[in-house]
1. Could you tell me whether residue 12 is under 23 Å from the mean Cα position of the chain (by Cα), surrounded by 11 or more Cβ atoms within 10 Å (Cβ to Cβ) and of a type outside the set (A, V, I, L, M)?
2. So, residue 85, is that one surrounded by fewer than 16 Cβ atoms within 10 Å (Cβ to Cβ) and touching a residue at least 12 places away in the same chain (Cβ under 8 Å) or not?
3. Scan 55, 71 and give me the residue that is modelled with pLDDT of 85 or more, under 14 Å from residue 105 (Cα atoms) and either crowded, with 16+ Cβ neighbours inside 10 Å or of a type outside the set (S, T, N, Q) (or both).
4. Looking only at residues that are part of a helix (DSSP H, G or I) and acidic (Asp, Glu) in the stretch 91-108, which one is surrounded by the most Cβ atoms within 10 Å (Cβ to Cβ)?
5. Can you name every residue in the stretch 75-90 that is at pLDDT 85 or above and either touching a Cys at 6+ places or on another chain (Cβ under 6 Å) or part of a loop (DSSP other than H, G, I, E, B) (or both)?
6. Within the stretch 40-52, track down each residue that is surrounded by 15 or more Cβ atoms within 10 Å (Cβ to Cβ) and of a type in the set (Lys, Arg).
7. Would you mind telling me which numbered condition in (1) touching a Leu at 6+ places or on another chain (Cβ under 7 Å); (2) under 16 Å from residue 7 (Cα atoms) residue 91 fails?
8. Determine if the stretch 110-119 includes at least one residue that is out of contact with any strand residue (DSSP E or B) (no Cβ under 7 Å at 6 or more places or on another chain) and part of a helix (DSSP H, G or I).
Amino acid sequence: MTGLRDLRVGRGLVVPRQLLSQRFARSGGAGGQHVNKVETKVDLRLDLARLGPVLGPLRTARLRERLAARLDGDGRLQVTCDEHRQRARNLDAALDRMESIVEAALREPRRRRPTRPSRGSAERRLTAKRRRSRVKRLRSDAPADE
């Protein structure tokens, strides 16, 4: 049976397994007796408060900001998994999911390269503005039918 492992969350960045906590519960849904008596659902949490020395304050702040909706009341990142019948497979799936969530949150946003509108698009925009202006001018100049 596999247990907790370190999370690899980027180039050379490793979150030690000591910062993770796991709990198991019974899964819901169909499944009969197996689902009613075996605790296979995994609740995995990452303590962001203790993550500062590992990743540094800037990365930890970025995680808190981007993952605010996924944090529990104590400020820990929570991931649950109950898609498999075996506890070990659910734990592996939860660890993989946590890795990808943290890695995506740590990724720096790509900078937008400023571009200029093409000559054709600028010309189409100005033509449309002239047409609209003309329509409005004709409406205001036209006598009202009474």
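1. On the way: under 23 Å from the mean Cα position of the chain (by Cα): yes; surrounded by 11 or more Cβ atoms within 10 Å (Cβ to Cβ): no; of a type outside the set (A, V, I, L, M): yes.
In short, no.
2. Values: surrounded by fewer than 16 Cβ atoms within 10 Å (Cβ to Cβ): yes; touching a residue at least 12 places away in the same chain (Cβ under 8 Å): yes.
For residue 85, the condition - surrounded by fewer than 16 Cβ atoms within 10 Å (Cβ to Cβ) and touching a residue at least 12 places away in the same chain (Cβ under 8 Å) - is met.
3. 71
4. Within the stretch 91-108, the first condition is being part of a helix (DSSP H, G or I), and the residues that meet it are 91-106.
Going one step further and asking which of them are acidic (Asp, Glu), we end up with 92, 96, 99, 103.
Working: 92: 16, 96: 13, 99: 18, 103: 15.
Here the residue is 99.
5. Across the stretch 75-90, the qualifying residue is only 90.
6. Correct list: 41, 45.
7. All conditions are met except number (1).
8. Applying the first criterion (out of contact with any strand residue (DSSP E or B) (no Cβ under 7 Å at 6 or more places or on another chain)) to the stretch 110-119 yields 110-119.
Next, only the ones that are part of a helix (DSSP H, G or I) stay: 119.
Yes.
The values are calculated or read from the model by the stated rules, or taken from the named source; none is laboratory data. No experiment lies behind these values; they were computed from the predicted model shown. Methodologically, a virtual Cβ is constructed for each residue, glycine included, from the backbone with ideal geometry; neighbour enumeration extends over all protein chains shown.
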